[in-house]
Amino acid sequence: MGNREQEFREWIANDNKRVQDLIADEIKKNPFQYVDKKIREFETGATRSPLSNKLQYEGFLSPIVLKRYAEYMHKHRAQSNGEIRDADNWQKGIPSESAIDSMLRHVMDVWLYQRGYEREMSESLQDSLCAIIFNVSVMLLNIETEREIADANLR
């Protein structure tokens, strides 16, 4: 085997290794994308790609929980000056520090409930849990928005 042929074989082996590493990295980022490649076929003959490769909102979310959360959010649209804020007003931006402060007050009510001190709670358990969801949503939106801005700056 000549030198050029050996170099070519080494180059191919290294290239294959790089491709395998890239594929492994992609699988680590989204393992469910590669789990199920079986096409679903319905009695009608229609076909769809597998569910395991898709976000399943119907399974991940509960309509009764979302309804209760929406009721909580609607109840809190009224501001102290009598005006009603838009439902998506919070998405304009609330600092995470403010959300953490608020969230901890509501976590205290949940903790009081868990320890049997319901009389000490400042609001219902359901309202406390909805408030926690709200504050976590504020923080997650901040993180995701910062990521989008950072990604846009890299382009």
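Against the definition (under 20 Å from residue 66 (Cα atoms), among the small types (Gly, Ala, Ser) and over 18 Å from the mean Cα position of the chain (by Cα)), how does residue 131 come out, yes or no?
On the way: under 20 Å from residue 66 (Cα atoms): yes; among the small types (Gly, Ala, Ser): yes; over 18 Å from the mean Cα position of the chain (by Cα): no.
Answer is no for this residue.
Being surrounded by 14 or more Cβ atoms within 10 Å (Cβ to Cβ), of a type in the set (Ser, Thr, Tyr) and free of Cβ contacts under 8 Å to residues at least 40 places away in the same chain is the filter here, so list the residues in segment 72-113 that pass it.
102, 113
Looking at (1) of a type in the set (Gly, Ala, Ser); (2) surrounded by fewer than 16 Cβ atoms within 10 Å (Cβ to Cβ); (3) part of a helix (DSSP H, G or I), find the lone condition where residue 116 falls short.
Evaluating residue 116 over (1) of a type in the set (Gly, Ala, Ser); (2) surrounded by fewer than 16 Cβ atoms within 10 Å (Cβ to Cβ); (3) part of a helix (DSSP H, G or I) leaves (3) as the failure.
Just to be sure I understand, how many residues within segment 39-71 are of a type in the set (Gly, Ala, Ser) and surrounded by 10 or more Cβ atoms within 10 Å (Cβ to Cβ)? Don't jump to the end; show me each part of the working.
Here is the first cut: in segment 39-71, the residues of a type in the set (Gly, Ala, Ser) are 45-46, 49, 52, 59, 62, 70.
Restricting the remaining residues to those that are surrounded by 10 or more Cβ atoms within 10 Å (Cβ to Cβ) gives 49, 52, 62, 70.
Of the residues in segment 39-71, 4 are of a type in the set (Gly, Ala, Ser) and surrounded by 10 or more Cβ atoms within 10 Å (Cβ to Cβ).
Every number in this text was worked out from the coordinates using simple rules, so none of it is lab data. None of the values given here were measured: they were computed from a predicted structure. A quick note on method: Cβ atoms are made from the backbone with ideal geometry, for glycine too, and the neighbour counts reach across all protein chains shown.
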